[in-house]
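Working notes, structure below.
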Amino acid sequence: MKKFSIKRGDEVEVIRGKDRGKRGKVRKLLAKEGKVVVEGINIMKKATRPSRRYPQGGIVDIETPLDISKVLLLCPRCNRGVRIGRRVLEDGTKTRYCKKCGEIVEKM
Ligand SMILES: [Zn+2]
């Protein structure tokens, strides 16, 4: 399976499409499809019948998956979506870092 630089729980910025510039947290990574579901991004209105979750039925907002190539991990120092690299530190700690400023975004 292909390795993605984005993981569930990441803070990302959308770089393409109608939600360009918006930010949110990755709720789900659909590795097989190469897609992500991001909080508040790619919202579609969907008509639903009344259910336990939506007792009134009607129109609900659904977050739909978008292509993983449309989002970049947010670097706290650059304060924007950036390309991410991987690096293993001398002590063996695996990290993901911002290719722009070198900031370590995450230690794994
Ligand atoms: Zn950075």
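Every read-out reported here was derived from the displayed coordinates using simple, explicitly stated rules and does not represent laboratory data. Values in this document were obtained by computation on a predicted structure and should not be read as measured data. We place every Cβ from the backbone using ideal geometry, glycine too, and count neighbours over all the protein chains shown.
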- Given charges of +1 on the Cβ of Lys and Arg and -1 on the Cβ of Asp and Glu, with all other atoms neutral, how large is the dipole of the chain about its Cα centre, in debye to the nearest 20? 280 debye
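How many Å³ per residue does the convex hull of the Cα positions in the chain occupy? Write down the numbers at each step before the final one.
Numbers: hull volume 13.4 nm³, N = 108.
Here the figure is 124 Å³ per residue.
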- Query: Each label point is 7 Å from the Cα along the Cα-to-Cβ direction; what then is the distance between the points at residue 39 and residue 56, in nm?
  - Reply: 2.4 nm
- Task: Positive end of the charge dipole of the chain (Lys, Arg +1 and Asp, Glu -1 on Cβ, about the Cα centre): tell me which of 102, 50, 72 has its Cα farthest that way.
- Result: 50
- Task: Using packing as a proxy for protection, rank 63-71, 15-23, 86-94 so that the peptide with the highest average count of other Cβ atoms within 10 Å comes first.
- Result: 63-71, 15-23, 86-94
- Message: Testing the spin-label approximation: label points 7 Å from Cα along Cα→Cβ at residue 18 and residue 91. State their distance in nm.
- Response: 4.7 nm
- Over the chain, what relative contact order in percent results from Cα pairs under 8 Å that are six or more residues apart? 20 percent
